[in-house]
Structure formats: structure tokens, C-alpha cells
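To start, the structure under review is shown below, and the notes come after it.
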Amino acid sequence: MDVSQALLSFAVVAGLLTLVPGVDTALVLRSAISRSRPFAFATALGITTGLMAWGIAAAVGVSALLAASELAYRILTYAGAAYMVWLGASLLWKSRSGGPGTDGSAVGELPAATGRQFLRGWLTGTGTNLLNPKVGVFYIATIPQFIPAGTSPLLMGILLAGVHCVLGMAWLSVLIFGTGFASKWLKGRRSVQVIDRITGTVLVGFGLKLALEPRH
């Protein structure tokens, strides 16, 4: 297997994983509907940043610690679970209040994109991805299988993670633009409250599942 074959084969695996709905999808959809398109893209960019970090970590062997150490895995698992539950609970609480959006503007009157908001979206996406140890375990389990003999593990790790990032960004972009077409019906106050409740429930559910699920 040469480099091009390895990248193509990995693209198939990563592409299938990308299409499976999860926390990343919920966060980006919620950002696109109740925030703004730039904020949603910032969140998606943060998610791909986390993917690249995990890919590099797997390539240099750092995330192998997660596969070998029960303590390290559990610490990261509980940190990630707590973060997701907190994020989801915040959305549920905000949806109950029926008040203004997080930035002080009325729901439906989306705030203009600012550097601070872009950074907040990026940090949310990055933090959610980095605090999900299953991403690291996925990489440490798959990347070694797609490193051709005689190639640099670090270089291949970056290339493979890059493929995943491109696929992930492409899919999330489709979701963001698709949401834009339906924004007229989705950005009303009632719609945003329902979306916040759904997203919050998904995040809390994923967090609890992550914390309680036994390690395989």
C-alpha cells in the first residue's frame, strides 16, 4: 500500500464516521440556527482543529497513552463528560428562561459576527472535540493501519488527519448552508427554544453515556 492508496482507504473510513450524527453535528447545527453562519463555521473549524490535534498526537504516540492507561483514559473521559453535560445543561436552562440570547440580543435578532464570537465558537468546537477520548482512541486504532512501510508516522498522521478534517469541514459546511435555506422557519423564538432543548438533551445524553459507558 502506497501513500495515495492509504489516504484513499482512510478517506472511506473517515467519511463514513463523519456522516454519523453526533455531538459535532448537534453543535454546528445549533450554532447555524440560533447564532450566525460565521459562528457556525468557527465551531466547525474548532472541531477540525481538534481532529488535527488528535491525529498528530496519535502519530507521535501521545494518544497511545489513552489506549494503554485506564487512569488517563478515565480522567479525560470524565472531563469530557462533565464539559458536555455542562454545555447541554446551559442550553436547557436558557431555553426555559425564554429570555434573550446569550449575547444579550433577542432570539431571532442574530448578533453581528465579531472576533470575540468567532473565538468563542472555535473554542467550543475545539474543546468539545479534544475532550472526547473516543476520537483519540479511534485515531490510535486506525492511523497505524494506514501508515505505509518506510514513511514518516508523523507526516502520515498529519496527512490522514488532514483528510478527515477536509471531509468533516465539507460535511459541516453542507449542514450550515442547508440550514441557511431554512433559516426563515428555524430562527423564530419558539424554534430556537426547541432547538436548544434538543441540542441540550443530546449533549447531556452524550456526556452521561460517555461517563457511564465501560471502556472497550
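Looking at Lys187 and the list (1) farther than 29 Å from Phe10 by Cβ; (2) modelled with pLDDT of 75 or more, which single condition is not satisfied?
(2)
Are any residues in segment 139-153 surrounded by fewer than 20 Cβ atoms within 10 Å (Cβ to Cβ) and under 23 Å from the mean Cα position of the chain (by Cα), and if so, which ones?
Ala141, Thr142, Pro144
Which one of these does His164 not meet: (1) crowded, with 18+ Cβ neighbours inside 10 Å; (2) modelled with pLDDT of 75 or more; (3) over 14 Å from the mean Cα position of the chain (by Cα)?
(3)
Which residue out of Leu27, Leu65, Leu17 is of a type in the set (A, V, I, L, M) and at pLDDT 80 or above?
Result: Leu27 is the single residue among Leu27, Leu65, Leu17 that is of a type in the set (A, V, I, L, M) and at pLDDT 80 or above.
In segment 1-31, which residue that is of a type in the set (Gly, Ala, Ser) and touching a Leu at 6+ places or on another chain (Cβ under 7 Å) is nearest to Ile147 (Cα to Cα)?
Only one residue tops the list, namely Ala11.
Within segment 5-39, can you find the residues that are closer than 21 Å to Lys94 by Cα and either among the charged types (D, E, K, R) or free of Cβ contacts under 8 Å to residues at least 40 places away in the same chain (or both)?
Asp24, Arg30, Arg35, Arg37
The values are calculated or read from the model by the stated rules, or taken from the named source; none is laboratory data. For clarity, every value in this text was computed on a predicted model and none was experimentally measured. Heads up, the Cβs are rebuilt from the backbone with ideal geometry, glycines too, and the neighbour counts pull from every protein chain shown.
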